[in-house]
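Can you keep this structure in mind? I'll have questions shortly.
The values are calculated or read from the model by the stated rules, or taken from the named source; none is laboratory data. Being a predicted model, the structure only gives us computed values, none of them experimental. Every residue, glycine as well, gets a Cβ built from its backbone with ideal geometry; the counts of neighbours run over all protein chains shown. Side chains are part of the model used for accessible areas, which takes the heavy atoms of the whole protein and leaves out ligands, DNA and RNA. Shrake-Rupley method; radii C 1.70, N 1.55, O 1.52, S 1.80 Å.
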Amino acid sequence: TLGTQTDYRDGEAQTDPYSPEYVVPSGSVPELLTLATLTWGRGLPAGLAEVEIIERAREKRAWEATLPAMDNASQITKRRKMMDDMERKEWAFREQEIEKLQEVQLEVLKKLLRRREENQNELDAKRLDDHWQNHQKAKEEKIKKIQHDCALMLRKLIAKRKNVMGKLERRDIIKEYTDFASQTYAPLSRIGYFPDNHSERYVVKNFYLNTFAGLCELEASLPESVTQVKIKAPKPKYTTTKTGFIKRSARLEVELAQVHQALLEKKNKVKEPKKPLRLLEKVEKPVPRPPTPILEKPSIEEEETELAVICLQKLLRGRAIQNMMFEGKEKRLELIRELRTTHALQEDGQLLLKAEEQMTLALQQQHDLQIHKLSSVENHLAREEGRVLANIFDFLSKELVRLQEERKIHAFVMLAERQRRMREAEESGRRQVEERRRQEEDEIFKQAREGDCTIDSYLEDIILSSMENTAEEQAREEIQRMAVEINDIAYEMESRRTRLQSEEIVAELVYDFLIPEAEKISIREKVRQSQRKHIYAAHQLIHRGTE
C-alpha cells in the first residue's frame with residue numbers, strides 16, 4: 001500500500017553477488033572453503049586458469065592423503081622421497097608458468113615495438129609531406145610574383161613602344177567617347193582613379209523615404225496587415241513528464257538522431273589517399289654564359305661631339321614641331337574664333353543655372369533644418385518616456401525582488417525553527433536517557449554502599465522481576481489468542497454478511513468520514529474566498545500608489 005523511491009540510481013547499488021554466512025560442522029573440511037581466496041572480479045567467475053588451479057589443488061590433496069605415516073625409518077625415507085619428487089614437479093610446473101609469462105610479455109613487447117615503428121613511419125611521412133607542401137607553396141608564390149612582374153614590364157614596354165619617338169599626341173575626345181574601353185568609361189585604379197569615390201552622386205533620393213511626411217503618407221497607404229503583424233507562438237513540445245522525468249519516446253528520438261548522425265559521418269567520411277614520397281631530384285647546373293664583350297671606352301672629345309649633335313637634333317625637332325603647330329593654328333583660325341563666340345553666349349545660361357542651383361540648395365538646407373528640429377523634439381520626448389518607464393520598471397523589479405527575498409527568508413526561518421525543534425527533541429530524549437541511567441547508577445551505588453541488603457531482598461527482587469516477565473508473556477499470549485479469535489469471528493461475519501448489511505456499513509463510513517471532510521473543504525474554500533477579497537483590495541491600493 002506504500003510506494004517508495006530511492007534517492008540513488010541503480011548503478012550505485014550493490015552489484016557483487018551476496019555471500020551468506022556459513023557454519024562448518026566439526027570434523028569436516030568442505031572443498032568449497034579452499035576457494036575462499038577467489039572473489040568476484042578476482043578469479044570469479046572461474047576461467048580456464050582457475051579451473052587448472054583447482055584441479056592441481058585436488059591432485060595435491062589426493063597426493064597428501066597417499067603419503068605414508070611417520071611410524072618407522074623406512075616410512076620416513078619413502079615419505080621424503082615422495083616429497084622430493086613432488087617438489088621437482090612443482091619446480092618444473094613453475095618453470096613452465098614462468099616461460100609462458102615471458103612469452104606473453106615478449107609478444108606484448110613486439111606489438112608495442114611494431115606500433116611505435118608504424119607511428120614513427122607515419123610521423124616521418126607526414127613531416128615530409130608538410131615540407132613538400134611548404135616548398136610547393138613557396139614555389140607557387142614565387143611564380144605568381146614573377147608573372148605579376150612580367151605583366152607589369154610588358155605593359156610598360158607596350159606603352160613605350162607606342163611612342164618611340166617621344167612625340168606629344170593631342171587628346172582625341174571623340175575617339176575616347178566612342179570607345180567604351182577607354183579611360184573615360186573605365187578608368188584604371190593604378191593611375192590614381194578610384195570608382196568608389198563620389199559614390200553619393202548615385203544615391204537614390206525619394207520623397208517617401210527621406211521625409212517624415214512622405215513616410216507617414218507611405219505608411220497610411222499600406223494595409224493594416226503589413227504594420228501589425230500577428231505572430232502565433234508555437235506550442236512547445238514537452239519531452240518531460242509532470243514529475244520531471246524524460247519520456248521514453250524523447251530518449252529514443254535523441255538516440256536515433258545520434259545513431260543517424262554517426263552513420264552519416266561514417267558514410268560521408270572519405271579517406272585521403274596517401275601522397276607518394278617526393279624523392280630528391282638532381283638539379284643540373286646551367287651552361288655557363290659566354291663572357292660579356294667589353295667595348296673600348298671612347299675618348300672625351302668624341303663624347304662631347306656626340307652630345308653636341310644630340311642637342312642640335314633636339315633643337316631642330318622642337319623648332320619643326322613649333323612650325324607645325326603655328327601652321328595648324330593659322331589654318332584653323334576661323335574655327336577657333338567661332339568656338340570663342342559660342343562660349344561667350346553660353347555664359348549667361350550658365351549664370352542662370354548657377355542661380356537655380358543655389359536656390360535649390362537653400363531650400364534643401366531649410367528642409368533639413370526642419371527635419372533636424374522635429375527629430376530632436378522626438379528624441380527628447382522618447383528620452384523622457386524612457387526615463388519614466390525605466391523608473392517604474394526599476395521600482396517594480398525591486399519590489400518583486402524584495403517579495404522574493406522575504407519569502408526566502410520566511411522559508412529559511414521555518415526550516416531553522418523546524419531544525420531547532422528537532423534538535424531540542426533529540427536533546428530532551430538524550431537527556432532523559434542520561435537521567436534514567438544516572439538514577440539507575442545512583443540506585444546501584446546506594447544499594448551497594450548501604451551494605452544491609454539481605455539475600456531475601458535480592459531473591460525478592462529476582463522473584464518480582466520473573467513474575468513481571470511471566471505475567472507479560474502470559475498477557476501477550478492471551479492477547480494474541482484473543483486477536484486470532486476476533487479475526488476468525490470477523491471472517492465468519494464477513495462470509496455471512498448480506499448485501500444490505502454491506503450497504504449500511506458503507507453508508508455509515510460515508511456519513512462519518514466523507515461528508516465531514518467535504519464540509520471542511522467547503523468551509524476552507526469560503527474562508528479563502530473571503531480572504532481573497534481583502535488581498536485583491538490591498539493589491540489595488542499598492543498598484544494605484546505605484547502608478
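Looking at the structure I just gave you, is Arg171 modelled with pLDDT of 75 or more, open to solvent by 100 Å² or more (accessible area, probe 1.4 Å) and assigned to a loop (DSSP other than H, G, I, E, B)?
On the way: modelled with pLDDT of 75 or more: yes; open to solvent by 100 Å² or more (accessible area, probe 1.4 Å): yes; assigned to a loop (DSSP other than H, G, I, E, B): yes.
In short, yes.
Could I ask something else about it? Has the stretch 66-82 got any residue that is of a type in the set (Asp, Glu) and part of a helix (DSSP H, G or I)?
In the first step, residues of the stretch 66-82 are kept if they are of a type in the set (Asp, Glu); the result is 71.
Filter once more, so that each one left must be part of a helix (DSSP H, G or I): none.
No - not one qualifying residue is present in the stretch 66-82.
Does His534 satisfy being within 50 Å of the chain's Cα centre (by Cα) and surrounded by 10 or more Cβ atoms within 10 Å (Cβ to Cβ)? Talk me through it step by step, then tell me what you get.
Values: within 50 Å of the chain's Cα centre (by Cα): yes; surrounded by 10 or more Cβ atoms within 10 Å (Cβ to Cβ): no.
So His534 does not fit the description; no.
Are any residues in the stretch 67-82 at pLDDT 80 or above and open to solvent by 90 Å² or more (accessible area, probe 1.4 Å), and if so, which ones?
Result: Lys78, Arg80, Lys81.
Sticking with this one: If I go through the stretch 487-527 residue by residue, how many of them are among the basic types (Lys, Arg) and at pLDDT 80 or above? Break it down into steps so the answer makes sense when it comes.
Initial filter on the stretch 487-527 (among the basic types (Lys, Arg)): 496-497, 499, 520, 524, 526.
Checking which are at pLDDT 80 or above leaves us with 520, 524, 526.
Selection size over the stretch 487-527: 3.
Failed condition for Glu176, given (1) open to solvent by 80 Å² or more (accessible area, probe 1.4 Å); (2) modelled with pLDDT of 80 or more, with all others met?
(1)
Let me ask you something else. Sort through Ala125, Ala138 and tell me the only one that's touching a residue at least 12 places away in the same chain (Cβ under 8 Å) and under 42 Å from the mean Cα position of the chain (by Cα). Reasoning before the result, please.
Details: Ala138 fails: touching a residue at least 12 places away in the same chain (Cβ under 8 Å).
Residue meeting the stated conditions: Ala125.
Now a separate question. Could you check Glu406 against (1) farther than 30 Å from Ile542 by Cβ; (2) surrounded by 10 or more Cβ atoms within 10 Å (Cβ to Cβ) and say which number it fails?
(1)
While we're here: Would you check which residues across the stretch 30-44 are over 14 Å from Ala57 (Cα atoms), surrounded by fewer than 10 Cβ atoms within 10 Å (Cβ to Cβ) and not charged (D, E, K, R) and list them? Reasoning before the result, please.
As a first pass, look at the stretch 30-44 and keep what is over 14 Å from Ala57 (Cα atoms): 39-44.
Okay, now just the ones that are also surrounded by fewer than 10 Cβ atoms within 10 Å (Cβ to Cβ), so 41-42.
Result: Gly41, single match.
Looking only at residues in the stretch 69-122 that are polar (S, T, N, Q) and over 51 Å from the mean Cα position of the chain (by Cα), which one is farthest from Arg56 (Cα to Cα)?
So the first thing to find is which residues in the stretch 69-122 are polar (S, T, N, Q), and the list is 72, 74-75, 77, 96, 102, 105, 119-121.
Among the residues that remain, those that are also over 51 Å from the mean Cα position of the chain (by Cα) are: 72, 74-75, 77, 96.
Numbers: Asn72: 30, Ser74: 28, Gln75: 25, Thr77: 25, Gln96: 14 Å.
Applying the filter and picking the extreme gives Asn72.
Could I ask something else about it? Scan the stretch 322-329 and give yes if some residue there is of a type in the set (Lys, Arg), without any contact (Cβ under 8 Å) to a residue 60 or more places away in the chain and surrounded by fewer than 10 Cβ atoms within 10 Å (Cβ to Cβ), otherwise no. Break it down stepwise before answering.
Taking the stretch 322-329 and keeping what is of a type in the set (Lys, Arg), we get 329.
This time we only want the ones that are without any contact (Cβ under 8 Å) to a residue 60 or more places away in the chain, so: 329.
Within this subset, residues satisfying the condition of being surrounded by fewer than 10 Cβ atoms within 10 Å (Cβ to Cβ) are none.
No - not one qualifying residue is present in the stretch 322-329.
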